[in-house]
Amino acid sequence: MRLTLPALAATLAASPALAATGPFFSLNNTNFVVLIAFILFLGVLVYFKVPSTLMSMLDKRAEGIRANLDEARKLREDAQALLASYERKQTEVQAQADRIVASAREEAETASAKAKADLEVSIRRRLQAAEDQIDQAQAQAVRDVRNRAIQVAVAAAAEVLKKDMDGARANALIDDSIRTVEAKLH
């Protein structure tokens, strides 16, 4: 703010040294001098358009505050929308995770049941194969025993026949066998 000559004169004229007591409308009365100084001060402010400058500055500041409030309100709304979006996505992701866990649990149960069934089938097959091998080994043992018994019996019979067999008796047995075969063939 610049000082002009009238402002300087008004400042010097309103000094307390010039004020004194006396009639009210006298320059010797301090109250009157203060009143005149105050009116001159207000006049200087009006002359230099300080009130309009202050008002424009206040208006600009109010506009700036209003713009900041609007921006803050808009940012708050955007933040709330973003928060709602993230909460929605979190809910969707949680639901998807729950579905995946349920699906995995179901697949694990199915795989467990299938593995159990496959194991039972495998055990049954192995038991059946073992029983078949046991039956085969038993049948083979019976055949081996029977064959061995036949061999022993044949050897024993041969031995007995060698001891008891003489020429006449052998011829009689041969003739008897030929007749039996002849009778059966016709």
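Data overview
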| item | result |
| --- | --- |
| Mean separation of Cα contacts under 8 Å (6+ apart) over length of the chain, as relative contact order % | 7 percent |
| Projected label distance in nm at residue 32 and residue 98, using a 7 Å step from Cα toward the beta-carbon | 9.1 nm |
| Whole-Hz couplings from phi, Karplus 6.51/-1.76/1.60, listed for the range 115-123; x for Gly and Pro | 5, 5, 5, 4, 5, 4, 4, 4, 5 |
| On Cα atoms only, tilt of 30-47 relative to the major axis of the chain in degrees | 60 degrees |
| Rounded to whole Hz, the Karplus (6.51, -1.76, 1.60) HN-Hα couplings of the range 98-110, x for glycine and proline | 5, 5, 5, 5, 4, 5, 5, 5, 5, 5, 5, 5, 4 |
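Readers should treat all values here as calculations from the given coordinates under stated rules, not as data from a laboratory. Model, not experiment: these values are computed from the prediction. Every residue, glycine as well, gets a Cβ built from its backbone with ideal geometry; the counts of neighbours run over all protein chains shown.
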